[in-house]
Every structure is written in structure tokens, then in C-alpha cells.
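Report on the structure given below.
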Amino acid sequence: YRPITFDAVVGQSHITTTLQNAVRTNHLAQAFLFCGPRGVGKTTCARISAKTINCQNLGEDISPCNECE
């Protein structure tokens with residue numbers, strides 16, 4: 001099981017809020033480093049971030065539509 005929205009990620013609210021605010025204000029960094037021990041959600045947050053940044057139909061809650069290519 002892997003969450004598909006930022007709201008479904010458990011225990012990483014500080015990271016998901018920061019990523020959502022970066023997309024909302026269009027202040028994206030040139031690179032994001034996701035590091036930490038196993039099982040903390042690095043890959044999940046990276047996947048959701050990539051989907052959100054590349055989504056063409058973002059909602060007001062800054063979540064990907066999951067319908068883009």
C-alpha cells in the first residue's frame with residue numbers, strides 16, 4: 001500500500017505541508033533531497049511530489065488529479 005495524496009501520508013505532515021506550500025506559491029527548488037532511514041516515506045513523498053508538480057489540473061487543495069499522463 002502506498003498513499004496517492006499528501007493527505008494520506010501518515011507521520012510526515014511537516015514535509016507534506018512544506019511541499020504543498022512550495023507548489024502553491026510556485027517556489028520550487030532545483031532539487032529535493034529525500035533522506036532518512038527505511039520506512040519513513042521518502043519514496044512515497046517523492047512520487048506524490050512529482051505527480052503534483054507535473055499535474056496540469058491541480059485542485060485548490062494542491063493534490064494531483066491522478067488523470068494526467
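Computed from the coordinates by the stated procedures, all read-outs in this text should not be read as laboratory data. Here the structure is a predicted model, which means the values were calculated and not measured. For neighbour counting, all protein chains shown are included, and Cβ atoms are generated from backbone atoms with ideal geometry for every residue, glycine included.
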query = How high is the relative contact order of the chain, given as a whole-number percent (alpha carbon pairs under 8 Å, six or more residues apart)?
reply = 32 percent
query = How large are Rg and Dmax for the chain when only the alpha carbon atoms are used, in Å?
reply = 11.5, 33
ask   = Once both axes come from the Cα atoms, what is the angle between helix 42-54 and the longest principal axis of the chain, in degrees from 0 to 90, rounded to 10?
value = 10 degrees
key: Spin-label pair residue 8/residue 60, simplified geometry with 7 Å Cα→Cβ offset, distance in nm   = 2.3 nm
request  = Using only Cα atoms, find the angle between the long axis of helix 13-25 and the longest principal axis of the chain, and express it within 0 to 90 degrees, rounded to the nearest 10.
outcome  = 20 degrees
ask   = Roughly how many debye, to the nearest 20, is the charge dipole of the chain about its Cα centre, given +1 on each Lys and Arg Cβ, -1 on each Asp and Glu Cβ, and no other charges?
value = 360 debye
query = Stretched out fully, how many nm does the piece from residue 50 to residue 33 gain, at 0.36 nm a residue minus the Cα gap?
reply = 4.8 nm
